[in-house]
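Student: Before I ask anything, let me first share the structure, which is written out below as structure tokens.
The values are calculated or read from the model by the stated rules, or taken from the named source; none is laboratory data. Remember, predicted model here, so these are calculated numbers, not experimental data. Here the Cβ positions follow ideal geometry from the backbone for every residue, glycine too, while neighbour counts run over all protein chains shown. Note: areas computed on protein heavy atoms with side chains; ligands, DNA, RNA excluded. Shrake-Rupley method; radii C 1.70, N 1.55, O 1.52, S 1.80 Å.
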Amino acid sequence: MQHAVHSVMVTRGAMIKWSLMAFIAGSINAGGFMACQRFVSHVTGFATLFGVGVATQDMVGALSMLSVPGFFLVGAMVSAYFTDARLLRGRRARFGLVMVLVALLLLLAAILGHFQIFGQFGRDYQEDQDFILLSLLCGASGLQNAAVTTGSRSLMRATHLTGMTTDLGIGIVRVLFGSDDRTVRLAEFYVMFVRMCIVLAFCFGSVIGAFLFISYGYLGFLMPTFLALVCGALGFWIFVYHLDASR
């Protein structure tokens, strides 16, 4: 019983951090779509665009869409190097550093966009200008998604909701029809509640971000930049105690 109560307390403490990360991700995704009509954290979408490009014989555009998720992958790898790999070696994860890197990429997107490096905010996608913007935003998304994945022991994701919604549906069934052990079902309820908070935080971040991007264009990325720095200043210790304790 003591272990179950401790796990619940950890989940409550992590909820605010994970929700803040989802809020950031929602605002970034809204900004990418409003800037150049592309969702930046949907690797599946880029793979689909690659397929469409091949079918329509637009090989340059197809390869461009295929390469952009590579920056998401690189971001995830850099994040894993400073978090997961360090934990595997028995060292303290550098979650704070990862969030500072996220902030730097978002700040660069805001500054370059403000000085018209990416062209006018809100126009249709143009490969020669928007490729760099998408790469910066995908890199930032990969960094923070891997941080949440490592910190939550793969229980949570922050930058997209498909897997989260699937896990939420499974969790609801587990709470209603799962184990007869009250402690197990209570723990599952808290995990389900956190997932609901993350979904709502992502949606709320999209709404607030959209209003800011409508008013300020590329400078709207300064809001998630600030929040990422807040996470970095906090050290963003998602479940680190639980991870260390399990070794």
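Student: Along the Cα→Cβ direction, 7 angstrom out, place labels at residue 162 and residue 91. What is the inter-label distance in nm?
Tutor: Between residue 162 and residue 91, the label points sit 3.4 nm apart.
Student: Can you give the direction-averaged projected area of the convex hull of the alpha-carbon atoms in region 16-64, in nm²? Mind dumping the intermediate values first?
Tutor: Working: hull surface 14.7 nm².
Across all orientations, region 16-64 yields a mean hull projection of 3.7 nm².
Student: So what's the Cα pair-distance distribution over the chain, bin width 5 Å, in %?
Tutor: 1, 7, 13, 17, 18, 15, 11, 8, 5, 3, 1, 0, 0
Student: Taking the alpha-carbon set of region 103-247, what are its Rg and Dmax in Å?
Tutor: 18.6, 60
Student: Now for a different question. Just need log10 I(q)/I(0) for region 121-205 at q = 0.14 Å⁻¹, Debye formula, equal scatterers on the alpha-carbon atoms, no solvent, rounded to two decimals.
Tutor: -0.61
Student: Can you pull the percent of Cα pairs in region 38-100 with separation above 20 Å? Before the final figure, lay out each step's value.
Tutor: On the way: 871 of 1953 pairs.
Tail of P(r) above 20 Å: 45 percent of Cα pairs.
Student: Could you work out the relative contact order of region 62-159? I mean the mean sequence separation of Cα pairs under 8 Å and 6+ apart, divided by the number of residues, in percent.
Tutor: 43
Student: Just to be sure I understand the model, the point goes 7 Å from the Cα along the line to the Cβ. What's the resulting residue 233 to residue 186 distance in nm?
Tutor: 3.6
Student: Can you work out the accessible area per residue across region 12-86, with the rest of the protein chains kept in place, probe 1.4 Å, in square angstrom?
Tutor: On the way: 3320 Å² over 75 residues.
Normalised by residue count, the accessible surface of region 12-86 is 44 Å².
Student: Say we join alpha carbon atoms closer than 10 Å with springs in a Gaussian network model of the chain; which of 107, 222, 234 then has the biggest fluctuation?
Tutor: Highest fluctuation of the listed residues: 234.
Student: Please list, by residue number, every one of the chymotrypsin sites (Phe, Trp or Tyr not before Pro) in region 53-143 that is coil in DSSP and has at most 16 other beta-carbon atoms within 10 Å. Show your work: numbers first, answer last.
Tutor: Details: sites: 71, 72, 81, 82, 95, 115, 118, 121, 125, 131; in loops: 115, 118, 121, 125.
Counting only loop positions with at most 16 other Cβ atoms within 10 Å, the chymotrypsin sites (Phe, Trp or Tyr not before Pro) in region 53-143 are 115.
Student: Considering only DSSP states other than H, G, I, E and B, which trypsin sites (Lys or Arg not before Pro) in region 168-213 qualify as loop sites with at most 10 other Cβ atoms within 10 Å?
Tutor: Values: sites: 174, 182, 185, 195; in loops: none.
Sites meeting the loop and neighbour criteria: none at all.
Student: Moving on. Using 0.36 nm per residue of separation minus the Cα-Cα distance, give me the extension gain between residue 48 and residue 176 in nm, one decimal. If you can, show how the numbers build up before the last one.
Tutor: Working: separation 128, 0.36 × 128 = 46.08 nm, distance 3.63 nm.
Computed gain between residue 48 and residue 176 is 42.4 nm.
Student: Relative contact order, percent, of region 83-216 when contacts are C-alpha pairs under 8 Å separated by at least 6 residues? Before the final figure, lay out the partial values.
Tutor: Numbers: 87 pairs, mean separation 23.7, N = 134.
Over region 83-216, the number comes to 18 percent.
Student: Continuing with this model, one more query. Using the heavy atoms of the protein chains alone and a 1.4 angstrom probe, what is the accessible area of region 106-247 per residue in square angstrom? Intermediate values should be presented prior to the final figure.
Tutor: Details: 6990 Å² over 142 residues.
Here the residues of region 106-247 average 49 Å² of exposed surface.
Student: With the full set of protein chains in place, find how many percent of the accessible area of the chain is carbon and sulfur; take the probe as 1.4 Å. List each step's numbers first, then the result.
Tutor: Values: 8360 of 12160 Å².
Ligands and nucleic acids excluded, carbon and sulfur give 69 percent.
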